[in-house]
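Each remark here refers to the structure printed beneath this line.
Read the figures in this text as sums done on the coordinates, not as results from a lab. Here the structure is a predicted model, which is why all the values come from computation and not from measurement. Don't worry about glycine lacking a Cβ; one is built from the backbone with ideal geometry, like all the others, and counts go over all protein chains shown.
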Amino acid sequence: MVNQIATASAGPRARTSGVFYLLYFLIAILAQFFNGRGFTILGYAANLVAFGCYIVLTILFYYLFKPVNRQISIIAAFCSLVGCVLGAIGLFNSSVAQVSPLFLFGPYCILLGYLIFRSTFLPRMLGVLLVIAGLGWLVYLLPIASHLSSYIEVLGIVAEGLLMLWLLVKGVNVQRWKEQAGALQ
């Protein structure tokens, strides 16, 4: 599967990213629904599937943003992958996962936002929103965040939701992506 992701062109990769983003959102919401109704095992299973979708999304984003900055793209992907692993382990109340995944997803959103802002193939405003959301996820970890948690969650959902919708509806400017990828070589 990674081979298919690596060889896909920017247009289909962007749309596929949007699809996996949407799947992640829908399955994560389903997991919350199950957990809220006492169906804990179904909630855990849905959360694991959601993390799987986010891992695929992370790999897609690595290849999509590699032409912008290969090093930052790999660091962002590493943060997201480790965050997904910590989140999945945390589902089972493991003492290994005492670190909140937000310590990694915050920087991931910031780095992804930077890559979007620096790219020429997506609107810069999406990058700005993602950086703000990443900062929000980091603030969420502070004790003061209990008063701001609803606002921070909405900010993160709006920023990531807009990126998802943009990728689904518009994709990327393939010509500009190719120009940026060509400049990398």
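Here are the numbers for the structure shown:
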quantity	calculated
Cleavage-rule hits (chymotrypsin sites (Phe, Trp or Tyr not before Pro)) in region 84-126: DSSP loop, at most 12 neighbouring Cβ within 10 angstrom	Phe92
Net length gained if the chain between Tyr151 and Ile74 were fully extended (0.36 nm per residue, minus Cα distance)	24.8 nm
Neighbourhood net charge (13 Å Cβ-Cβ; Lys/Arg +1, Asp/Glu -1) for Val174	+4
Likely footprinting exposure, Ser17, Ser150, fewest C-beta neighbours within 10 Å first	Ser150, Ser17
Mean Cα-pair separation over length for the chain, i.e. relative contact order, pairs under 8 Å, 6 or more apart, %	24 percent
Distance (nanometres) between label positions extended 7 Å along Cα→Cβ at Leu141 and Arg124	2.9 nm
Helical mean residue ellipticity (222 nm; -39500 (n - 2.57) per DSSP H run of 4+; nearest 500) of the chain	-26500 deg cm²/dmol
For the chain, size of Cβ-based charge dipole, Lys and Arg +1, Asp and Glu -1, in debye	480 debye
Order of Leu26, Leu81 - criterion: other Cβ atoms within 10 Å of each residue's Cβ, fewest first	Leu26, Leu81
Potential lengthening between Leu42 and Gln98 on full extension [0.36 nm per residue; Cα-Cα distance subtracted]	17.9 nm
